[in-house]
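A short worksheet on the structure shown next.
The values are calculated or read from the model by the stated rules, or taken from the named source; none is laboratory data. Model, not experiment: these values are computed from the prediction. Cβ atoms come from the backbone with ideal geometry, glycine included; neighbour counts cover every protein chain shown. Calculation scope for accessible area: heavy atoms of the full protein, side chains included, ligands and nucleic acids excluded. Shrake-Rupley method; radii C 1.70, N 1.55, O 1.52, S 1.80 Å.
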Amino acid sequence: MSEPPLPPIGMLAELTHRCPLQCPYCSNPLELLKANRELDTQSWLDLFSQAADLGVLQVHLSGGEPTLRRDLEQLIAGLSARGVYTNLITAGVGIADGRIEAFAEAGLDHLQLSFQGARPATTERIGNHRGSHEKKLETARRARAAGLPLTINAPIHRHNIEEVPEFIDLALSLDAERLEIANVQYAGWALTNRDQLMPERAAVDRHAEIVAAARERLTGIMNIDFVTPDYFAIYPKPCMGGWARDAFMVTPDGTVLPCHAAQTIPSLSFERFGPRSLAAIWTVSPAFNAFRGTDWMQEPCRNCERREIDWGGCRCQAMAIAGDAAATDPACAKSPIHARMAMLIDEAQRAATVPSKDELFVYRRIGVVTEPA
């Protein structure tokens, strides 16, 4: 890379891997960090201060479930004092009375609430948590009563894709300003459960049409963001806007990453905040510079007219499917192994037809990962 990187503007802070839900589509790594490995309050506040100094304008507070951090109000207040926009990404389950109001008083700017299904039974099955749907509805109501803008996040896969029209109705009923129809991306636990989660192509096409029609119908009423499924794409999405271009993420123990699945690339070593400043990690870390810009690209990316549009796509997906993090993202039609994506879709469909007691997931749990019985 010939020129120094521009300052980052966005940051995803995974405050904890702890979570009351066990969603099998979670993008967290399989080796989840326990509470005793999480950064303490002051370390997070120091990190946020350095992020603001570096140029970060917005921080997404995530997990796991970030509301399990007892110091969350203090962390929000610290960011607010620096003028950083804060978005809380929550499952909305088990939040004590008064805390949402406390988040708002501390300066929280926005709340993003995930629903595993538009129907209670789907929400409970995917999250493996009884009564979770009603708790989420109550969280949404409390957020709006506290004056917080609300986004409903709907992670879409085989088991809820037919509920897309109901997700739209649900978001409207909750007075959400925004609905994110986010097709599952296969990393972490989602990659382990890929055969259980992959939808049929016809269903993907059908729900894309439903979303397009709803976007037009609801213009000026509710924004609908649509995250396309990579496995069904013609061109890839730029990973986090491009590898280490304008955003980064931090794991619960302070490890700084260009994207949430970057640690699946075995050739790269990532640094922790504390021993090294955030500015040093962003600017000179070999891992951050590994796929920054375009100099690293191989053909056909190197001379492609889209090289500064998708920035090569997802490096972690290239690692998982092509076995080479520098390869063209297999989601791209120009990839020499693009046909492998269709093969993986077909394999998932065949796996879905195998008779069994039930379509079992490997649920997200801290501890040893075991295959379903």
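With the simple model of a label 7 Å out from the Cα in the direction of the Cβ, L218 to E162 spans 2.1 nm. What you get for the range 197-256, charging only the Cβ of Lys and Arg (+1) and of Asp and Glu (-1), is a dipole of about 120 debye around the Cα centre.
The simple spin-label model puts a point 7 Å past each Cα toward its Cβ; for A202 and V362 those points are separated by 3.0 nm. Relative to its Kirkwood radius, the Cα radius of gyration of the range 44-190 gives an Rg/Rh of 0.98. Residues in the range 133-139 carry Karplus couplings, in order, of 5, 5, 5, 5, 4, 5, 4 Hz; the curve used is 6.51 cos²θ - 1.76 cosθ + 1.60 with θ = phi - 60°, and Gly or Pro positions show x.
For the range 225-303, with every protein chain kept in place, what is the accessible area per residue (1.4 Å probe, Å²)?
It amounts to 40 Å² per residue over the range 225-303.
When the residues I366, I281 are ordered by accessible surface, computed with a 1.4 Å probe over the protein chains alone, the sequence from largest down reads I366, I281.
Relative contact order of the chain: 20 percent, from C-alpha pairs under 8 Å at least 6 residues apart in sequence.
Over the chain, the fraction of Cα-Cα pairs per 20 Å bin, rounded to whole percents and listed from the shortest bin up, is 28, 61, 10. For the pair R178 and S43, label points projected 7 Å from Cα toward Cβ lie 3.0 nm apart. The alpha-carbon of K334 sits under 18 angstrom from the alpha-carbons of these aspartates and glutamates, leaving out residues fewer than 8 places away in its chain: D230, E299, E305, E308, D310, D324.
The translational diffusion coefficient of the range 221-373, from Stokes-Einstein at 37 °C and 0.692 mPa s with a Kirkwood hydrodynamic radius over alpha carbon pairs, comes to 187 µm²/s. In percent, rounded to a whole number, the relative contact order of the range 187-346 is 23, using alpha-carbon pairs under 8 Å and six or more apart. The apolar share of the surface of the chain, taken as the fraction of accessible area on carbon and sulfur atoms (1.4 Å probe, ligands and nucleic acids excluded), comes to 51 percent. Here the relative contact order of the range 203-283, from alpha carbon pairs under 8 Å that lie six or more residues apart, stands at 16 percent.
Shape verdict for the range 1-52, please, from the Cα gyration tensor: rounded (a/c under 1.5), prolate (a/b greater than b/c) or oblate. Oblate shape, in that a/c is at least 1.5 and b/c is the bigger or equal ratio.
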